[in-house]
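S.K.: Sharing a structure below in C-alpha cells format, with a few things to ask.
The values are calculated or read from the model by the stated rules, or taken from the named source; none is laboratory data. Predicted model, so just to flag it, every value in this text is computed and none were measured. No Cβ is skipped: glycine too gets one built from the backbone with ideal geometry, and neighbour counts run over all protein chains shown. Side chains included, ligands, DNA and RNA excluded: accessible areas come from the protein's heavy atoms. Shrake-Rupley method; radii C 1.70, N 1.55, O 1.52, S 1.80 Å.
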Amino acid sequence: MRTMELSGVVLVLALALAPSSVALENGLARTPPMGWMSWERFRCNVDCQADPRNCISEQLFFEMADKLAEDGWRDLGYKYINIDDCWSAKQRDATGRLVPDPKRFPRGIKALADYVHARGLKLGIYGDLGIFTCGGYPGTMLEHVKLDAQTFAEWGVDMLKLDGCYSTAEEQAKGYPEMARALNATGRPIVYSCSWPAYQGGLPPKVNYTILAEICNLWRNYDDIQDSWGSVLSIVDWFFTNQDVLQPAAGPGHWNDPDMLIIGNFGLSYEESRSQMALWTVMAAPLLMSTDLRTISPSAKEILQNRLMIQINQDPLGIQGRRIVKEKSHIEVFVRPLSQAASALVFFSRRTDMPFRYTTSLANLHFPKDTVYEVQDVYAGKIIGALKTANNFSLVINPSGVVMWYLRPMALPVQPGYVRQQAPGEGFHPILL
C-alpha cells in the first residue's frame, strides 16, 4: 500500500450497488497461498548495473524459482513466485499493452512463466488500479482492466496482486470488481489478491467483508510490513484488536492477508521469527516469504519449512484463529480450530525481560470438558503426552517468543444428542486475567 493516503468514500455502498455477477467463483486458493514475493526484501531496486544480483530482473526470478524447486520449498507447498512492483517498462506499447522492462526482462514475462511452470511452480504478477503503480510505473486505469487481464492470461500468469496507489475511492469501487470479472472472462485460473480494503481503512462501514469475499481470493487489510519486529507487532495488534470483524471473513477461497513473512532477513531475532511464523499460521494467513532464498540461514529455513506448521496453516477447514487470553503478565494465547476436532494453540510472550513460566489449563482456554488431548510441540516436533482438559500445565515462553501446540482429541466426551462440538475459543472474547 506504500504511503498512499486512505480515501474517504464508503466502500460498502459501492459494493452494495455492484451486480451479483462480480462473484469470483474461480475455485482457487482453497487454502492460503504459499510462495515467495519480491517486494519486502528487494523493493524497487532497478539498478542492474550497480547491483545485478539483487535488482528486479528476470535473473532474480529465475534464481528464486530454482531455489523454490531445488531446496524443498515447492514440495512443502511454496509454489507461487510473485513479481511485485517495478517490473514493467515506463510506458505501455503502441497497442496500449503493458510490457516488461526490455533490459531487465529481455525474454519477456511469458518466457519467465514457462520457466516457472517447468519447475512445477506458479507465477504471480503485480498491477495497480491507478494512473501509476506505487513505484511510478504504468497503472491499470479502468479502460485498461480487460486488456491487462487478457495480457496476464496470455503470458501464463497464475496470480495477480492489484494495488491501489494513485486511484480514487470511486475508481477502486468500480475497478476491483471489474478486474474480478475480467480475470474470470479470460478462462485462465488466476488467483486474485486485492489491496482494496487497505485503502479504505480495513474496517466497516467502509469495508463489507461479506461482499469482498465474493470478489477477491485474498486481500491486504492493513499497512505494508517492514523489516522490523515493531512492524510485525503493529500488524498483530491491528488484526487481533479487530478479530471480531476479520476472523469471520476468512475461509477457503478468501483470506485476510497480513502481508509477507520477513523471516530470514535482518530485522527479526530467532525468537521473533518463530513468533511471526506461528502467528501468521494461527491467522490462516498466506505464507508469502520475502527473503533471499540463495543465502537464507539454516535456522530461518527450518522455521519456514516446519512441516507441522505448514499442515496447520493449510488446514482444509480454513478457520482463522482468535486471541482468547490477554494476560496482565504480557502473555497472550491464541487458538485456531482445525479439522478432525484438532486445534492449534499459540502461547505468545510480549515480555522483554526473561523467559516466563505460564500456568493454565485447557478448561481455562474454553476446551470441551472431559476430553483428553494428545499434545505435540510444533517446533520441537515431540509428542508431549496426553492432557486432560481439567489438568493444569506449565510452560516456559521466551521473551518475544512463542510455544505452539498441536492438539488432537484422544477421547471425545459422550454427549447424548450430540450434533456439533463447539470449536475451542468460538464465541469467546479475550479475557484479561
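S.K.: What percent does the relative contact order of the range 88-174 come to when contacts are Cα pairs within less than 8 Å and at least six residues apart?
M.R.: Details: 127 pairs, mean separation 27.5, N = 87.
32 percent.
S.K.: Can you tell me the orientation of helix 58-70 relative to the chain, as the angle in degrees between its alpha-carbon axis and the longest Cα principal axis, to the nearest 10?
M.R.: Tilt relative to the chain: about 30 degrees.
S.K.: Given the whole protein assembly as supplied and a 1.4 Å probe, what does the accessible area of S297 come to in Å², nearest 10?
M.R.: For S297, the solvent-accessible surface is approximately 50 Å².
S.K.: Could you give the Stokes-Einstein D for the range 20-104 in µm² per second, using the C-alpha Kirkwood radius, 25 °C, 0.890 mPa s? It would help to have the intermediate numbers written out before the result.
M.R.: Values: Rh = 15.0 Å.
For these conditions, the coefficient is 163 µm²/s.
S.K.: With angles folded into 0 to 90 degrees, how steeply does helix 145-155 sit against the dominant principal axis of the chain? Use alpha carbons for both and round to 10.
M.R.: 80 degrees
S.K.: Just tell me the longest site-free run in the chain, where the sites are chymotrypsin sites (Phe, Trp or Tyr not before Pro) in a DSSP loop having at most 10 other beta-carbon atoms within 10 Å.
M.R.: Details: sites that count: F266, Y418.
It works out to 1-265.
S.K.: Moving on. Just check the range 199-318 against the gyration tensor rule for me: Cα atoms, a ≥ b ≥ c as the square roots of the eigenvalues, rounded for a/c under 1.5, and otherwise prolate or oblate depending on whether a/b exceeds b/c. The partial results should precede the final answer.
M.R.: Details: a/c = 2.21, a/b = 1.59, b/c = 1.38.
Prolate, because a/c is 1.5 or more and a/b exceeds b/c.
S.K.: Give me the lysines in straight-line cross-link reach of K388: C-alpha distance below 24 Å, same-chain residues under 8 apart excluded.
M.R.: Excluding near neighbours in sequence, the set is K326, K369.
S.K.: Carbon-plus-sulfur fraction of the accessible area of the chain, 1.4 Å probe, in percent?
M.R.: Values: 9110 of 17030 Å².
Ligands and nucleic acids excluded, carbon and sulfur reach 53 percent.
S.K.: Where the eigenvalues come from the Cα gyration tensor of the range 64-216, what are the semi-axes √(5λ) of the equivalent ellipsoid, largest first, in whole Å?
M.R.: Numbers: eigenvalues 132, 77, 37 Å².
They are 26, 20, 14 Å, listed from largest to smallest.
S.K.: Let me ask another. Beyond 18 Å between alpha-carbons counts as too far, so tell me which of K174/K206; K90/K146; K67/K103; K90/K174 fall in that bin.
M.R.: Values: K174/K206 15 Å; K90/K146 20 Å; K67/K103 23 Å; K90/K174 25 Å.
As for pairs spanning more than 18 Å Cα to Cα, those are K90/K146; K67/K103; K90/K174.
S.K.: Pairs of Cα atoms under 8 Å, at least six residues apart: use those to get the relative contact order of the range 116-239, whole percent. Intermediate values should be presented prior to the final figure.
M.R.: Working: 188 pairs, mean separation 26.5, N = 124.
Computed over the range 116-239, the figure is 21 percent.
S.K.: While we're here: Across the chain, where is the longest run that never hits GluC sites (Glu not before Pro) in a DSSP loop with at most 12 other C-beta atoms within 10 Å?
M.R.: On the way: sites that count: E5, E25.
That would be 26-433.
S.K.: About its Cα centre, what dipole magnitude does the chain give when the only charges are +1 on Lys and Arg Cβ and -1 on Asp and Glu Cβ, stated in debye to the nearest 20? If you can, show how the numbers build up before the last one.
M.R.: Details: 41 positive and 45 negative charges, 165 e Å.
Approximately 800 debye in magnitude.
S.K.: Could you give the nm distance between label points at R97 and D75, where each point is 7 Å from its Cα heading toward the beta carbon?
M.R.: For the pair R97/D75, the computed spacing is 3.8 nm.
S.K.: Continuing with this model, one more query. With all distinct Cα pairs included, what does the Kirkwood hydrodynamic radius of the range 24-71 come out to in Å, to one decimal, could you say?
M.R.: Details: mean 1/r = 0.0785 Å⁻¹.
Kirkwood hydrodynamic radius for the range 24-71: 12.7 Å.
S.K.: Would you calculate the convex hull of the Cα atoms in the range 276-419 and tell me its volume per residue in Å³?
M.R.: Values: hull volume 17.2 nm³, N = 144.
Expressed per residue, the convex hull around the Cα atoms of the range 276-419 is 119 Å³.
S.K.: Once both labels are modelled 7 Å past Cα along the beta-carbon direction, what's the T241-R408 spacing in nm?
M.R.: With each label point 7 Å from Cα toward Cβ, the separation is 3.9 nm.
S.K.: So what's the angle, to the nearest 10 degrees on a 0 to 90 scale, between helix 169-186 and the longest Cα principal axis of the chain?
M.R.: Approximately 90 degrees, to the nearest ten.
S.K.: Taking trypsin sites (Lys or Arg not before Pro) as candidate sites, keep only those in a DSSP loop with at most 10 other Cβ atoms within 10 Å, then name the longest stretch of the chain containing none of them. Each step should come with its number before you reach the end.
M.R.: Details: sites that count: K90, K328, K382, R420.
By the stated rule (loop sites, at most 10 other Cβ atoms within 10 Å), 91-327.
S.K.: Now for a different question. What per residue convex hull volume, in Å³, do the alpha-carbon atoms of the range 130-197 yield? Could the numbers behind the result be given before it?
M.R.: Details: hull volume 5.3 nm³, N = 68.
Measuring per residue, one finds 78 Å³ for the Cα hull of the range 130-197.
S.K.: Output the relative contact order of the chain, whole-number percent, from Cα pairs under 8 angstrom with separation of 6+ residues. Before the final figure, lay out each step's value.
M.R.: Values: 962 pairs, mean separation 64.6, N = 433.
Worked out over the chain, it gives 15 percent.
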